[in-house]
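What follows draws every value from the coordinates through simple rules; no lab data is involved. Quick caveat: nothing in here was measured; it's all calculated off a predicted structure. Backbone-built Cβ (ideal geometry, glycine too); neighbour counts: all protein chains shown.
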Amino acid sequence: MIRILRTFILTAFPVVTALAPAIAQQSVVTNRGVVELETAGTAGISVRIGEELANLIDDGATRRLVPVVGKGALQNLIDLKYLRGIDIAILPVDVLDYAREQKLISATDPGAYYITKLYNEEFHLLARGEIKTLMDLANRKLNVGPHGSGTAITAARLFEQLKIPVTLTNEPQEVALEALRKGQIAAVALVAGKPAPLVQSIKEPDLHLVDIPFDNAAGEIYVPTRLTAADYPELVPANQPIKTIAVGAVLAVAELRFVPERNRNVMNFVETFFTGFPSLLEPGHHQKWHDVNLAADLPGWRRYPPAEQWLQKNMQIAKSPSADEMRLMFSRFLDERRQANGEAPLPVQEKSALFQQFRDWQTGQPQ
């Protein structure tokens, strides 16, 4: 028996030894150019966004994007800073302020770089029939998803700002939806890009979306917006949009200056993403790509240097808008802002007067 075993080992060893270089080579090829992207959960749209990015980036040889489903905005920020292998993440922009408020990172800690601001994610408040306004939620149960999720962070800040006492629960959104149907909770909050798959699945006539008022005290982080029948035909009547707020999503990147190979991989990702961005606007991709402005600045965040360099190199020929173009953009801004607040459009003369005041103010600003 011992002789047979010895013979097997002597026979197999050269084979294993011969295979070792091939296995090592395959490992090198498989890991070449890999970038890991952490997304939020499946209740929102970031998983699909990650999939569409992966389809753009992967070339089968030198580049590969590997999306990973994370455990919520706060944990994703922590993972981006400390978890080995996570290179980039899709985060809500208010998570950085929240982490500083909770002293999870210091006030002087930059937190993370950003590659680009992505799209806005809308606040959905799905409630039972007896909940007509936010005030009806006083001392009632509201599910906001797991602790540290983007929804939990935004909802806590919103209700604290509005001084409405609510009992927050932290069940997974799919579980909470069943509790809502059974009357065990009063409402479910979800911050996700519209149309959100979870909200699209709602068919019950006794569930509806509730208006969220916009408070100017929210600062630059939150913006007013609407949910329409085009977004949710089963929940929103035609010509009766739901007022709500939105928070930006950002494509953030880890501190990689001292990890040359990973930094090089992310640089290649940026080049391919920015160069191929127009293809993401083609039919078949998520409509939220049309909201992305690669050059948009993000207050409180630092741009990833290779992304900044690409923008300066490739967008330096972009000209400033003409006076007529600026007037048209200003008019559209006024119309959309007033529409989001449920107000009638301003007369043309009043718009012109406001635009002139804006140009006078702009001229007086330091250059």
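Here is how the numbers come out for the structure above:
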| quantity | calculated |
| --- | --- |
| Distant-in-sequence amide H partners of ARG303 (H built 1.01 Å from N, under 5 Å) | TYR114 |
| Nearby aspartates and glutamates by direct alpha-carbon distance to LYS71 (threshold 19 angstrom, same-chain neighbours under 8 apart not counted) | GLU36, GLU38, GLU51, ASP79, ASP87, ASP94, ASP97, GLU121, GLU171, GLU174 |
| LEU83/LYS351 FRET efficiency (R0 35 Å; Cβ-Cβ; nearest 0.05) | 0.10 |
| Additional length obtainable on full extension of the chain from GLU343 to GLN309, 0.36 nm per residue less Cα span | 8.1 nm |
| Segment 32-315 - charge dipole about Cα centre, Lys and Arg +1 at Cβ, Asp and Glu -1, debye rounded to 20 | 340 debye |
| Segment THR167-HIS290, length gained on full extension (0.36 nm per residue, minus Cα span) | 40.6 nm |
| Peptide ranges 85-92, 293-300, 227-234, 48-55 listed from the most packed, as the mean C-beta count within 10 angstrom indicates | 85-92, 48-55, 227-234, 293-300 |
| Amide H contacts of GLU171 (H built 1.01 Å from N, under 5 Å, at least 5 apart or other chain) | VAL144, GLY145 |
| At R0 = 41 Å, FRET efficiency that the Cβ-Cβ distance of GLU220 and THR62 yields, to 0.05 | 0.55 |
| Length-normalised contact order for segment 32-315 - Cα pairs under 8 Å, 6+ apart - percent | 26 percent |
| Relative contact order (percent, whole number), segment 110-243, Cα cutoff 8 Å, 6+ residue spacing | 30 percent |
| Long-range amide H partners of VAL250 with built H, under 5 Å | LEU91, VAL93, LEU118 |
| Point-charge dipole on Cβ atoms (K/R +1, D/E -1) for segment 241-294, about Cα centre, debye to 20 | 160 debye |
| HN-Hα J in Hz across segment 136-148 - Karplus 6.51, -1.76, 1.60, θ = phi - 60°, x for Gly and Pro | 5, 8, 4, 6, 10, 8, 10, 8, 10, x, x, 3, x |
| Loop trypsin sites (Lys or Arg not before Pro), segment 123-216 (other Cβ atoms within 10 Å of the site Cβ: 12 or fewer; DSSP) | LYS132, LYS163, LYS182, LYS203 |
| Karplus 3J(HN,Hα) series, Hz, for segment 171-176 with 6.51 cos²θ - 1.76 cosθ + 1.60 (x for Gly, Pro) | 7, x, 4, 5, 5, 5 |
| Residue among LEU158, LEU80, LEU137 farthest towards the positive dipole end of segment 72-163, charges placed on Cβ | LEU137 |
| Note, ³J(HN,Hα) from phi for segment 63-80, Karplus 6.51, -1.76, 1.60, rounded to Hz, x at Gly and Pro | 9, 7, 10, 10, x, 10, 7, x, 10, x, 4, 5, 5, 5, 5, 5, 4, 4 |
| Nitroxide proxy distance, nm - points 7 Å out along Cα→Cβ at ALA230 and THR275 | 3.4 nm |
